[in-house]
1. Once you've got the Cα coordinates, tell me which of B:K180/B:K235; A:K30/B:K235; A:K33/B:K235; B:K235/B:K259; B:K131/B:K159 are over 20 Å apart.
2. Please list 3J(HN,Hα) in residue order for region B:320-330, calculated via the Karplus relation 6.51 cos²θ - 1.76 cosθ + 1.60 where θ = phi - 60°; whole Hz, with x for glycine and proline.
3. Enumerate the calculated ³J(HN,Hα) couplings along region B:294-307 in order (Karplus 6.51 cos²θ - 1.76 cosθ + 1.60, θ = phi - 60°), each rounded to whole Hz, writing x wherever the residue is Gly or Pro.
4. If you count, for every residue in A:39-46, the Cβ atoms of partner chains within 10 Å of its Cβ, what is the mean?
5. Whose amide H sits under 5 Å from the amide H of B:I247, counting only residues 5 or more places off or on another chain, with H placed in the peptide plane?
6. Can you tell me the order of B:211-217, A:24-30, B:275-281 when each peptide is scored by its average per-residue count of other Cβ atoms within 10 angstrom, highest first?
7. Taking Cα atoms, how many degrees apart are the long axis of helix A:2-15 and the longest axis of chain A, rounded to 10 and kept between 0 and 90?
8. Relative to the present Cα-Cα distance, how much length would full extension add between B:V51 and B:I160 at 0.36 nm per residue of separation?
Amino acid sequence: MAAAAAAVEKVKALWDSQVNDEEAWAFNYKLMKAGGLFVASIFVMRNFGDLMAI
Amino acid sequence: MGSAASAAAPPPPPTAQPHMAAPPYGAGLAGILPPKPDGEEEGKKKEVEKVDYLNLPCPVPFEEIQREALMSLKPELFEGLRFDFTKGLNQKFSLSHSVFMGSLEVPSQSTETIKVPTSHYEFGANFIDPKLILVGRVMTDGRLNARVKCDLTDDLTLKINAQLTHEPHYSQGMFNFDYKGTDYRAQFQIGNNAFYGANYIQSVTPNLSMGTEIFWLGHQRKSGIGFASRYNSDKMVGTLQVASTGIVALSYVQKVSEKVSLASDFMYNHMSRDVTSSFGYDYMLRQCRLRGKFDSNGVVAAYLEERLNMGVNFLLSAEIDHSKKNYKFGFGMTVGE
């Protein structure tokens, strides 16, 4: 129980520092957006690239 | 009678022996023939599967590790009018004239974009020989660009880049020594302001190559080290670059067909906390080439090169930056090769 509570507190602290913090969230949002675009574009290229071929 | 019987006895054994020996010999031959092709096939399969690590291909230069991605994602976008004319005087010597009229973006502290109308004329002279290339450019604003590429030996190449300006302390020069080995490349750079750099790239497998670079800026008392790797096959190229300056760069290019290539890259700068990702395409059609991209910052760009005639190309360039409300459009022509 104590360990679980400590883990929950750590998760809350991480969430507060990375999401609720305005400055950190601004950068994290940009990072997630760029990383998502990169991964999604590779996925599209490998799976649906043939549709864009001529 | 006894002698007759003794004379009859010897013949049977020698005749029996040859008969006995013939079948095993024939069977032996028959047994040898079938395994040969099987063995050869197995050998071929093994050759296909086995990698000859002593005969790896030569990797691409370290500075060109992302060349496929750059071709698609970083076209030569411009704004305004652009006209390039190249006249060949003979097989090796040619002159070029370039005119540019457009707006130049001035960096400003505010979010608004400030542009200043500008124009310049550029005169160039080119000397191209299989072993020596000389390129010079002079602009009306007083800048001079010069490039030299000389093959000292079959494997050693010297490159010189220089940019001279009338402003004091703004001229730059760079010497590059490129050495090409059987399965590796090495480069040493010397520049002004006490700049020294070196890089080395090695093929690890027929598809994978890894490299490292180091540089030193004497006047700024800075040094850095970088690492790069590249994996390429017939259809795809993937690269990874990491540097101690805080830069992480990933790129991926997929060749969909002979005419279409798709590319994507991811750039992260820890010092400026800037991160950008972009996706681009490159269509090589019969009479034109169309390249475009969009990135995570809301920038959409396209670049079109159309061949109107032999040696005459029509250029269209467009770039829209939605976040900064910066819109650029350019058109131009290229005459001559």
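The values are calculated or read from the model by the stated rules, or taken from the named source; none is laboratory data. A quick note: this is a predicted structure, and the numbers were derived from the prediction, not measured. Here Cβ is always computed from backbone atoms with ideal geometry, including for glycine, and neighbour counts include all displayed protein chains. All accessible areas refer to the heavy atoms of the entire protein, side chains included, with ligands and DNA or RNA removed. Shrake-Rupley method; radii C 1.70, N 1.55, O 1.52, S 1.80 Å.
1. B:K180/B:K235; A:K30/B:K235; A:K33/B:K235
2. Couplings: 10, 10, 5, 5, 8, 6, 10, 10, 10, 9, x Hz.
3. Per residue, the Karplus-derived 3J(HN,Hα) values read 9, 10, 6, 8, x, 9, 10, 9, 8, 9, 10, 10, 10, 8 Hz.
4. That works out to 6 on average.
5. Amide H neighbours of B:I247, under 5 Å, 5+ apart: B:H270.
6. Packing order, densest peptide first, comes out as B:275-281, B:211-217, A:24-30.
7. 50
8. In short, 35.4 nm is gained.
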